[in-house]
Amino acid sequence: MNNQIFGLKFRQLRKQQHITLAKAAAGITSRQSLGNWETGKGELAFEKVLLLLKKSTSSQ
């Protein structure tokens, strides 16, 4: 359940920063895996979530 909430929240933050799905996923996971996680249809390893967050905060 919490994994779904994190994915949805990440999607909101990514869209607020005008970062594409492909750009956010690059070098960390596939675009499709990230999209599935954001919509609650898949899961991501915690380490990948941390990398995504680090990447999104460094692009500001």
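List of remarks:
- Spatially close Lys pairs in the chain, defined by Cα atoms under 17 Å apart and a spacing of eight or more places or different chains, total 10.
- Taken as entire DSSP H runs, the helices of the chain never both span 24 Å or more between Cα atoms along their own long axis and average 0.0 or more on the Kyte-Doolittle scale.
- Listed candidates [x] 10.1, 29; [y] 12.4, 36; [z] 11.2, 37 - label of the one calculated as Rg and Dmax of the Cα atoms in Å: [x]
- Legend: calculated FRET efficiency, Gln17 to Glu47, from the Cβ-Cβ distance at R0 = 22 Å, rounded to 0.05, equals 0.50.
- Accessible area (Å², per residue) of the chain, counting only protein heavy atoms and a probe of 1.4 Å: 72
- Contact order, relative form, for the chain: 38 percent (alpha carbon pairs under 8 Å, 6 or more residues apart, mean separation divided by residue count).
The values are calculated or read from the model by the stated rules, or taken from the named source; none is laboratory data. Predicted model only: the values in this text are computed from it and were never measured. Glycine gets a Cβ as well: all are built from the backbone with ideal geometry, and neighbour counts include every protein chain shown. Heads up: the accessible areas ignore ligands, DNA and RNA and are worked out on the full protein's heavy atoms, side chains in. Shrake-Rupley method; radii C 1.70, N 1.55, O 1.52, S 1.80 Å.
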